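Notes follow once the structure below has been shown.
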Amino acid sequence: MKKITLIASVLLVFFTAIASAHGPVRQKAEEQITINASAEKVWAIIKNFDDMSWLPAVSNTDAEGGNKKGATRVLTFKDGGTIKEELKKYDEAKMSYSYKITEMSTAKTITHAGAEEKVPVLPVDNYSATIEVEAKGDTSVVSWTAGYYRAYTNNNPPAEMNEESANAAVNAILKTGLLNLKTLAEK
């Protein structure tokens, strides 16, 4: 009986340790906007993977490969940070494309848990997204969906790289991008 109690106690401690030592959870951000313009007009603004001039935070886009799978673009932000992205899927007929971040510059370096940590320009890891335009009569609905992890993939992340900062940064980009797209398309 003592052996069973001892084994049960050890197993309980083991499983409790595993349950509390999990890493980051995949996050999802979704933004959608209705635009008073035809889907074709809206798609014409965003359809070129090598043109991100409609995204307010971007000052320059340097791209290779056009709208073909595997094409790349480097977005330079107004604050000087850069993000490199790869086109994963492009569908002209469905007015959508999907992409993934492959590299990011460092926004700053911090000390966390006794180590120097590089905070990326967008505090995320393993980011992928899809943007699509859908016709709704004389209007359009644009959906932009992203999946990602926080930038700090170990336990106990610093505030600059936790889920809250990742979610706030991604949601801000999606919202400001779609609002600006609406302004451009409705002119």
Candidate set: the range 58-91, residues that are closer than 20 Å to residue 146 by Cα and of a type in the set (Asp, Glu); chosen: the one surrounded by the most Cβ atoms within 10 Å (Cβ to Cβ): 85
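Can you work out which of the residues in the range 157-187 that are of a type in the set (Lys, Arg) and surrounded by 14 or more Cβ atoms within 10 Å (Cβ to Cβ) is farthest from residue 115 (Cα to Cα)?
For the range 157-187, the residue satisfying everything is 182.
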Conditions (1) in contact with a helix residue (DSSP H, G or I) (Cβ under 8 Å, 6 or more places away or on another chain); (2) surrounded by fewer than 15 Cβ atoms within 10 Å (Cβ to Cβ); number of the one not met by residue 154: (1)
Subset of the range 145-187 that is in contact (Cβ under 8 Å) with a residue 12 or more places away in the chain, part of a helix (DSSP H, G or I) and charged (D, E, K, R) - its residue that is farthest from residue 32 (Cα to Cα): 160
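Taken together, the values in this text are just the output of simple stated rules run on the coordinates, not laboratory data. Quick caveat: nothing in here was measured; it's all calculated off a predicted structure. Positions of Cβ are generated from backbone atoms using ideal geometry, with glycine treated the same way; all protein chains shown enter the neighbour counts.
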